[in-house]
Amino acid sequence: MTAATDAAAAPPGRAEVRAAVVTASDRAASGERPDATGPRLVQRLVEAGYACEAASVVTDGEESVAAGIRRALDAGARVIITTGGTGVGPRDRTPEATHTVIDREIPGLAELLRREGAASTPMAALSRGIVGVVDGPGSVIANLPGSTRGATEGLETLLPLLPHVLDQLTGGDH
């Protein structure tokens, strides 16, 4: 979708829906390399009509990622996209961090992300990313891979589904 078609398809008030991006990367957090993926996801969320500030960068690990997600929730984000930390490396703990924050998982969305990602690379099968919701504020959290291409493709998969998920979280009709 393009920004123009996103805007045409967006329900009134979507720009009022806050989104946040949390990048989990030891190297980006230390300044060893710039975060290329987080800014691209922010750009795409804004193009899709969400209010989204710059990505926050945290170190890999369960506590730091959970703290980043909680800060986004405290700031009013209803859509939180994480990037990085979904693999099998020793410090890849983003799914574990997300589990400490969510109330319920949406396994079908995580499966969809892996299936769609596999069309580009078989490495998508290694993702342990999850998708879940936080009932209180009615927020959805999705773990995407750290690669810019994988994360961008994952977000494109999620974007058409997010309005329905958000509506359901606030009691919308099925």
- Message: Given the criterion of a type in the set (A, V, I, L, M, F, W, C) and closer than 21 Å to G61 by Cβ, identify the matching residue among I106, I81.
- Response: I81
- Query: What are the residue pairs meeting all of these: first residue in the range 21-46, first residue over 22 Å from E63 (Cβ atoms), second residue part of a strand (DSSP E or B) and open to solvent by 10 Å² or more (accessible area, probe 1.4 Å), Cβ atoms under 6 Å, and 6 or more apart or on different chains?
  - Reply: V42/C52; L45/C52; V46/C52
- Query: What number of residues within the range 17-44 are closer than 19 Å to T94 by Cα, open to solvent by 10 Å² or more (accessible area, probe 1.4 Å) and in contact with a Cys (Cβ under 9 Å, 6 or more places away or on another chain)?
  - Reply: 2
- Residues of the range 105-127 being surrounded by fewer than 17 Cβ atoms within 10 Å (Cβ to Cβ) and assigned to a loop (DSSP other than H, G, I, E, B), which ones? A119, S120, T121
- Taking the range 92-104 and keeping residues surrounded by fewer than 16 Cβ atoms within 10 Å (Cβ to Cβ), in a loop (DSSP other than H, G, I, E, B) and not hydroxyl-bearing (S, T, Y) leaves D103
- Message: Of all residues being open to solvent by 10 Å² or more (accessible area, probe 1.4 Å) and either modelled with pLDDT under 95 or outside any loop (DSSP other than H, G, I, E, B) (or both) in the range 73-87, which is farthest from D135 (Cα to Cα)? Just the residue, please.
- Response: D74
- List pairs: first in the range 135-162 and closer than 19 Å to D103 by Cα, second surrounded by fewer than 16 Cβ atoms within 10 Å (Cβ to Cβ), Cβ under 7 Å, 6+ apart or cross-chain? D135/D103; G138/T170
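The values are calculated or read from the model by the stated rules, or taken from the named source; none is laboratory data. Quick caveat: nothing in here was measured; it's all calculated off a predicted structure. Cβ atoms come from the backbone with ideal geometry, glycine included; neighbour counts cover every protein chain shown. For the accessible areas, the whole protein counts, side chains as well, though only heavy atoms, and no ligand, DNA or RNA atoms are used. Shrake-Rupley method; radii C 1.70, N 1.55, O 1.52, S 1.80 Å.
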